[in-house]
Amino acid sequence: MGRPPSGCVSFLSMAQSGRFQLSVRVLAVLASEPDAMHTSSAIAETLKESAVMVRRTFLLLHKAGLIVQRKGPHGGAKLKLPAKQIGLGDVFEATAGDWLSLEDKAVSGWMKKVRGDAVTAMNEHSLAGVVKRMKKGK
């Protein structure tokens, strides 16, 4: 696989950044009332986002095991784990998608290590900490 055009790389990074940011915001809403089921439309209204984008975020977070979902009139989503047990690295991994593949195995292996180190460092910060900072307005 050849090198993608530079615009593709920045677009992929932007898409990743947007998914990550929205996922953190959605999880923060769920963490604010951890025992309640929250609908995508209610969260979308709270965050002033598209309900479709919130539903797509639900799918990523559910697949990663961070939330549980229930269908029906009393359905919605809630955290599967306490906010203290959800690291930002976990959220990053849930939203990361496929990284660009590299032909050079040495560089590819090194990039996997860098990504792993970054996720480990991100997991030193929990969703609970993010929620706490948001409440303080920082």
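The values are calculated or read from the model by the stated rules, or taken from the named source; none is laboratory data. On a predicted model such as this, the values are computed, not experimentally measured, just so you know. Glycine gets a Cβ as well: all are built from the backbone with ideal geometry, and neighbour counts include every protein chain shown. When the accessible area is computed, the model is the full protein with side chains, heavy atoms only, and any ligands, DNA or RNA have been set aside. Shrake-Rupley method; radii C 1.70, N 1.55, O 1.52, S 1.80 Å.
Restriction of the GluC sites (Glu not before Pro) in the stretch 55-133 to DSSP coil positions whose beta-carbon has at most 10 other beta-carbons within 10 angstrom yields GLU103, GLU124.
For the stretch 105-110, the Karplus equation 6.51 cos²θ - 1.76 cosθ + 1.60, evaluated at θ = phi - 60°, returns couplings of 5, 5, 5, 4, x, 5 Hz by residue, with Gly and Pro reported as x.
Taking 0.36 nm per residue of separation and subtracting the Cα-Cα distance, full extension of the segment from LEU59 to ALA121 would add 19.8 nm.
In this structure the amide hydrogen of THR39, modeled in the peptide plane, comes within under 5 Å of the amide hydrogens of ALA77, none closer than 5 places in sequence on its chain.
For the stretch 38-82, what is the accessible area per residue in Å² when the probe is 1.4 Å? Kindly include the intermediate steps, with their values, before the conclusion.
On the way: 2880 Å² over 45 residues.
Here the per-residue accessible area is 64 Å².
When the trypsin sites (Lys or Arg not before Pro) in the stretch 60-128 are filtered for DSSP coil states and for at most 12 other beta-carbon atoms within 10 Å of their beta-carbon, the remaining sites are LYS71. Taking every alpha-carbon pair in the stretch 30-138 and binning the separations at 10 Å intervals from zero gives 13, 37, 31, 14, 4, 0 percent.
Averaging the sequence gap over all C-alpha pairs within less than 8 Å and six or more residues apart, then dividing by the number of residues, gives the stretch 23-93 a relative contact order of 36 percent.
Applying both filters, DSSP loop and at most 15 other Cβ atoms within 10 Å, to the chymotrypsin sites (Phe, Trp or Tyr not before Pro) of the stretch 34-138 gives TRP99.
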